[in-house]
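Beneath this line is the structure, given in structure tokens, with notes to follow.
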């Protein structure tokens, strides 16, 4: 899997970041905060193994059906349709990932709307899952219509098709879209190297800034290229006039703790920042506000 180098100012394009949402995440729970994950990918190798295991299982079952005299054209079409259905079932995944993260930091009407949209996206996904299961049953029916005996052979064929369907649900979409994401981010990294760091690069002199909306004292920390620190308001001599309303607003909001990030703040880096806080309240604030900052990076 692609890993960022702290000696480079490489940052993938918004389109590539969007494909990151298709990859599998690992939920992390601490102090009442469950982070669904945004900038992370887990279990890709197992998803690839599961994806190829599908064709092994269904290939064995289909070969067995062919040996019994089943016309396998419809079964082969159904196997291809399963891949299409698995891809279609994964298309709502980016919205599901984003909405699960939104639930951490939105409130009121926005929270209710996010929950409603999340339920609808999941319903669409489950509809395609159901079609994949139906397709597995259809393939077995096509076999059984010729074989006509439910014995150990029939049970074996049914098991192969059902396990294949479950692997399609859990592996196919993740395997295909994670492979696309890896191709895209590695291609952009090659373009970054070929351009001498001019293409797909962030400006280290202009980090992204996020102000923590809390009165809790946080621990200043540095993780990789990112840091949490206090920024004190500029001092003003008596009688000194402010030049503009913008200056007034900047000084008014500059007191407190800030998160400064260069490039992507990965889930692993955010976890390290949370772990370096001392109290549960500090860790909870950094977790929620950190996810909000990550979410904004997507947009």
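The values are calculated or read from the model by the stated rules, or taken from the named source; none is laboratory data. As the structure is a prediction and not an experimental result, all values here were calculated from the model. Counting neighbours? That spans all protein chains shown, and the Cβs are built from the backbone with ideal geometry, glycine included.
Among the residues of region 76-94, are any surrounded by fewer than 17 Cβ atoms within 10 Å (Cβ to Cβ) and over 23 Å from residue 161 (Cα atoms)? Let's see the steps before the verdict.
Initially, region 76-94 is screened for residues surrounded by fewer than 17 Cβ atoms within 10 Å (Cβ to Cβ), giving 76-77, 80-81, 84, 87-88, 91.
Filter again for over 23 Å from residue 161 (Cα atoms), leaving 91.
Within region 76-94 (the criterion being surrounded by fewer than 17 Cβ atoms within 10 Å (Cβ to Cβ) and over 23 Å from residue 161 (Cα atoms)), the answer is yes, since at least one residue qualifies.
From the list 176, 183, exactly one residue is surrounded by fewer than 21 Cβ atoms within 10 Å (Cβ to Cβ), without any contact (Cβ under 8 Å) to a residue 12 or more places away in the chain, more than 13 Å from residue 53 (Cα to Cα) and in the same structural domain as residue 136 (by TED's automatic domain parsing). Which is it? It would help to see each step written out before you state the result.
Working: 176 fails: without any contact (Cβ under 8 Å) to a residue 12 or more places away in the chain.
Being surrounded by fewer than 21 Cβ atoms within 10 Å (Cβ to Cβ), without any contact (Cβ under 8 Å) to a residue 12 or more places away in the chain, more than 13 Å from residue 53 (Cα to Cα) and in the same structural domain as residue 136 (by TED's automatic domain parsing) holds for just one of 176, 183, which is 183.
So that you can scan it fast, the table gives a plain yes or no per residue for (1) modelled with pLDDT of 90 or more; (2) part of a helix (DSSP H, G or I); (3) out of contact with any helix residue (DSSP H, G or I) (no Cβ under 7 Å at 6 or more places or on another chain):
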site	(1), (2), (3)
237	no, no, yes
243	no, no, yes
270	yes, yes, no
277	yes, no, no
292	yes, yes, yes
296	yes, yes, yes
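Against the list (1) over 15 Å from the mean Cα position of the chain (by Cα); (2) in a loop (DSSP other than H, G, I, E, B); (3) closer than 30 Å to residue 285 by Cα, the condition residue 22 fails is (1). So, residue 69, is that one in the same structural domain as residue 142 (by TED's automatic domain parsing), in contact (Cβ under 8 Å) with a residue 60 or more places away in the chain and at positive phi or not? Answer is yes for this residue.
If you go through region 203-216, how many residues are part of a loop (DSSP other than H, G, I, E, B) and touching a strand residue (DSSP E or B) at 6+ places or on another chain (Cβ under 8 Å)?
First, the residues of region 203-216 that are part of a loop (DSSP other than H, G, I, E, B): 203-207, 212-216.
When the remaining residues are screened for being touching a strand residue (DSSP E or B) at 6+ places or on another chain (Cβ under 8 Å), the result is 207, 212, 214.
Final tally of qualifying residues: 3.
Kindly evaluate residue 172 against the criterion of being within 30 Å of residue 32 (Cβ to Cβ) and assigned to a helix (DSSP H, G or I). No: the conditions fail for residue 172.
Could you check, for region 90-97, whether at least one of its residues is in a helix (DSSP H, G or I), free of Cβ contacts under 8 Å to residues at least 24 places away in the same chain and within 31 Å of the chain's Cα centre (by Cα)? No: region 90-97 contains no residue that is in a helix (DSSP H, G or I), free of Cβ contacts under 8 Å to residues at least 24 places away in the same chain and within 31 Å of the chain's Cα centre (by Cα). The combined condition, being part of a helix (DSSP H, G or I) and at pLDDT below 90, is fulfilled by residue 250. Scanning region 5-57 for residues that are in contact with a strand residue (DSSP E or B) (Cβ under 7 Å, 6 or more places away or on another chain) and within 19 Å of residue 202 (Cα to Cα) yields 9, 10, 11. Restricting attention to region 3-13, the residues being in contact (Cβ under 8 Å) with a residue 40 or more places away in the chain and closer than 27 Å to residue 288 by Cβ number 4.
Using the structure shown, decide if residue 109 is surrounded by 13 or more Cβ atoms within 10 Å (Cβ to Cβ), out of contact with any helix residue (DSSP H, G or I) (no Cβ under 6 Å at 6 or more places or on another chain) and assigned to a helix (DSSP H, G or I).
On the way: surrounded by 13 or more Cβ atoms within 10 Å (Cβ to Cβ): no; out of contact with any helix residue (DSSP H, G or I) (no Cβ under 6 Å at 6 or more places or on another chain): yes; assigned to a helix (DSSP H, G or I): yes.
When the stated conditions are applied, residue 109 does not pass them.
In region 26-38, the qualifying residues are those that are surrounded by fewer than 21 Cβ atoms within 10 Å (Cβ to Cβ) and within 19 Å of residue 93 (Cβ to Cβ), and the one that is modelled with the highest pLDDT is 36.
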